[in-house]
Amino acid sequence: MAVLVGNWKMYKTLDQAEAFIDQIAPIAKESGNKIMLAVPYTAIKTLVERAKGTNIVIGAQNMNDASEGAFTGEVAALMLKDVGAEFVLLGHSERRQLFGETNAFINRKVHRALESGIMPLLCVGETYEERQGNQTEEVLKTQLTECLAGCDAKSLMVAYEPIWAIGTGLAATPQMAAEAMKVCRTFVGDTVPLLYGGSVNSENAKSFLENKEINGLLIGSASLTADSFAKIISLK
Ligand code: PEP
């Protein structure tokens with residue numbers, strides 16, 4: 001059984017989101033895989049209701065580290081819990097690169113998510129330059145050490161997402177992903193799912209899932225259309 005997580009980013013109105021769930025639900029049921037969707041805040045509550053009785057798990061794409069407060073535009077972990085989100089992406093490279101999120105900030109979010117009963121899906125990964133400079137292992141170790149400092153690293157998931165592979169059409173090889181998983185595994189318990197993300201599509205998904213180090217996939221653009229996501233979640 002693989003863990004297959006869609007990341008919708010800043011896409012889909014409520015109508016579009018609901019139509020997607022209706023289309024995917026029967027396929028998800030048959031698939032035998034664990035299906036999760038990280039959706040926009042605006043869709044969480046509606047989709048949690050809509051996905052009841054299916055095996056689709058709904059989560060969020062971000063949250064703030066504070067419990068509550070004067071942080072205009074931010075969303076707290078307990079608010080996510082309140083509307084039924086079961087997991088949250090933390091440290092996605094778009095958050096790190098476009099919004100300046102640091103490992104220390106992400107670490108505080110991981111703590112907050114865990115204490116609020118929401119499973120963090122921590123994203124880590126190197127830039128193209130870092131890979132070219134043979135720094136991948138070191139970068140991953142630093143991100144994992146700093147993002148997981150003081151955490152019980154058992155009740156979470158980790159996604160290895162090389163930044164050069166996200167949204168570029170240039171996926172890592174399963175071998176590269178498996179090597180990164182070995183580094184990640186030394187930081188988390190045996191049961192923590194380790195996912196690969198970065199230009200996964202219905203053509204290359206199987207090659208990753210065939211590797212026993214890789215427990216699942218984090219899928220961006222190929223999770224946006226029900227047809228391509230259905231092909232991926234149907235893989236055995
Ligand atoms: C992502 O956003 O986490 C991602 C992996 O995107 P894509 O699949 O589009 O590369």
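The values are calculated or read from the model by the stated rules, or taken from the named source; none is laboratory data. Not measured: the values here are computed from a predicted model. Methodologically, a virtual Cβ is constructed for each residue, glycine included, from the backbone with ideal geometry; neighbour enumeration extends over all protein chains shown. Note: accessible area is taken over every heavy atom of the protein model, side chains too, but ligands, DNA and RNA are not part of it. Shrake-Rupley method; radii C 1.70, N 1.55, O 1.52, S 1.80 Å.
Among the conditions (1) in a helix (DSSP H, G or I); (2) under 21 Å from D65 (Cβ atoms), F187 misses just one, which is (1). Test L156 against the criterion of being among the aliphatic types (A, V, I, L, M) and away from the ligand (no atom under 16 Å from the Cβ), and give yes or no. Yes. With (1) outside any loop (DSSP other than H, G, I, E, B); (2) free of Cβ contacts under 8 Å to residues at least 24 places away in the same chain as the list, and K141 as the residue in question, which single condition is left unmet? Looking at each condition in turn, K141 falls short on (2).
Looking only at the range 119-138, filter to residues that are in contact (Cβ under 8 Å) with a residue 40 or more places away in the chain and buried (at least 23 other Cβ atoms within 10 Å of the Cβ); which one of those is nearest to the ligand (Cβ to nearest atom)? The qualifying residue nearest to the ligand (Cβ to nearest atom) is C123. Determine the pairs where a residue that is more than 20 Å from K236 (Cα to Cα), located within the range 189-208, has a partner that is more than 15 Å from the ligand (Cβ to nearest atom) and open to solvent by less than 10 Å² (accessible area, probe 1.4 Å) with Cβ atoms under 8 Å apart, the partner being 6 or more residues away or on another chain. Pairs that qualify, where the first residue is more than 20 Å from K236 (Cα to Cα) and the partner is more than 15 Å from the ligand (Cβ to nearest atom) and open to solvent by less than 10 Å² (accessible area, probe 1.4 Å), are V192/L156.
The rows are residues; the columns are (1) among the β-branched types (V, I, T); (2) away from the ligand (no atom under 16 Å from the Cβ).
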site	(1), (2)
W8	no, no
A25	no, yes
I35	yes, no
I44	yes, yes
I56	yes, yes
K81	no, yes
L98	no, no
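The set of residues in the range 100-109 that are over 20 Å from W8 (Cβ atoms) and either within 16 Å of the ligand (Cβ to nearest atom) or in contact with a helix residue (DSSP H, G or I) (Cβ under 6 Å, 6 or more places away or on another chain) (or both) comprises N103, I106, N107.
Checking each residue in the range 186-201 for being more than 14 Å from A159 (Cβ to Cβ) and away from the ligand (no atom under 16 Å from the Cβ) picks out T186, G189, D190, T191. Residues in the range 212-229 that are under 19 Å from A25 (Cα atoms) and more than 15 Å from the ligand (Cβ to nearest atom) were compared, and the one that is least open to solvent (accessible area, probe 1.4 Å) is A226.
Checking each residue in the range 139-161 for being more than 18 Å from S223 (Cα to Cα), surrounded by 22 or more Cβ atoms within 10 Å (Cβ to Cβ) and either in contact with a helix residue (DSSP H, G or I) (Cβ under 6 Å, 6 or more places away or on another chain) or of a type outside the set (A, V, I, L, M) (or both) picks out L140, Q143, C147, V158. Set side by side, the residues M63, M36, M79 differ, and just one is part of a loop (DSSP other than H, G, I, E, B) and surrounded by 14 or more Cβ atoms within 10 Å (Cβ to Cβ), which is M63. Evaluated against (1) within 10 Å of the ligand (Cβ to nearest atom); (2) over 30 Å from D152 (Cα atoms), N204 falls short on exactly one condition, (1). Could you check, for the range 162-172, whether at least one of its residues is under 25 Å from K9 (Cα atoms), more than 16 Å from the ligand (Cβ to nearest atom) and either of a type in the set (S, T, N, Q) or more than 16 Å from the chain's Cα centre (by Cα) (or both)? Checked the range 162-172: no residue is under 25 Å from K9 (Cα atoms), more than 16 Å from the ligand (Cβ to nearest atom) and either of a type in the set (S, T, N, Q) or more than 16 Å from the chain's Cα centre (by Cα) (or both).
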